[in-house]
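To start, the structure under review is shown below, and the notes come after it.
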Amino acid sequence: VQLQAYGGGLVQAGGSLRLSCDASGRTFSIDFMGWFRQAPGEEREFVSGINWNGGSTYYADSVKGRFTISRDNAKNTVWLQMNSLKSEDTAVYYCAAARRAWNTRNSRSYDYWGQGTEVTVSS
């Protein structure tokens, strides 16, 4: 499975961005998709996730109510709509895919990773 994340950029605080992640290859093996982020000097952290088939969604407390994850299985695409952005949302955002939906807030549960897309929120 190959993942291509894009859509990052520079935005003012309070603004919005939509990240996209296109999956290709053996996508039938995907059970769960997640978004993680990593700020400079920080560990990679879970942001949001979605069951590939059932569509159940999960969010970190820090983004709940502001970010929305969605997917289109036919297009093999996952989106992360980010609203009311804050300076603390500044990070490189990665999409990831897991063959099994288990302990999905842990980055080690994922089998495939995209290259990351940078989000910078100016205050």
Just the number, please: carbon plus sulfur as a percent of the accessible area of the range 1-81, 1.4 Å probe, no ligands or DNA/RNA counted. 44
Per the 1/(1 + (r/R0)^6) rule, R0 = 22 Å and r from the Cβ atoms of Glu42 and Leu10, FRET efficiency to 0.05 is 0.70
Treat each spin label as a single point 7 Å out from the Cα along the C-beta direction, and report the Asn53 to Arg100 distance in nm. 1.5
Just to check I understand the Karplus step: with θ = phi - 60° and J = 6.51 cos²θ - 1.76 cosθ + 1.60, what whole-Hz values come out for the range 8-24, glycine and proline as x? x, x, 9, 9, 7, 4, x, x, 10, 9, 10, 8, 10, 9, 9, 9, 9
Taking Lys and Arg as +1 and Asp and Glu as -1, residues besides Asn83 with C-beta under 10 Å from its C-beta add up to +2
³J(HN,Hα), Karplus 6.51/-1.76/1.60, whole Hz, each residue of the range 111-118, x for Gly, Pro: 9, 9, 9, x, 7, x, 9, 8
Quick one: accessible surface of Lys64, probe radius 1.4 Å, all protein chains present, in square angstrom to the nearest 10. 120
Once Thr68 and Asn83 are pulled to full extension, the length gained, defined as 0.36 nm per residue separation minus their Cα-Cα distance, is 4.6 nm
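Run through the range 23-123 and list the GluC sites (Glu not before Pro) located in a DSSP loop whose Cβ has at most 14 other Cβ atoms within 10 Å.
Passing both the DSSP loop test and the Cβ count: Glu42, Glu43.
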Given backbone amide H placed at 1.01 Å from N, residues whose amide H is under 5 Å from that of Arg99, ignoring those fewer than 5 places away on the same chain, are Asp31, Asp111
What figure, in Å² to the nearest 10, do you get for the accessible area of Arg99 with a 1.4 Å probe and non-protein molecules left out? 130
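Once you compute Rg and the Kirkwood Rh from C-alpha atoms, what is the Rg to Rh ratio for the chain?
When Rh is taken as the Kirkwood radius, the ratio is 0.94.
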Which ³J(HN,Hα) values in Hz, rounded to whole numbers, follow from the phi angles of the range 42-53 under the Karplus curve 6.51 cos²θ - 1.76 cosθ + 1.60, where θ = phi - 60° and Gly and Pro get x? 10, 7, 5, 10, 5, 10, 6, x, 8, 5, 5, 9
Once amide H atoms are placed 1.01 Å from N in the peptide plane, what residues at a sequence separation of 5 or more from Val119, or on another chain, have their amide H within under 5 Å of its amide H? Gly9, Ala91, Val92, Tyr93
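The values are calculated or read from the model by the stated rules, or taken from the named source; none is laboratory data. Please read these numbers as outputs of a predicted model, since none were measured by experiment. Cβ coordinates were reconstructed from backbone atoms using ideal geometry, including for glycine residues, and neighbour counts include every protein chain displayed. Surface accessibility is based on the protein's heavy atoms, side chains included, excluding ligands, DNA and RNA. Shrake-Rupley method; radii C 1.70, N 1.55, O 1.52, S 1.80 Å.
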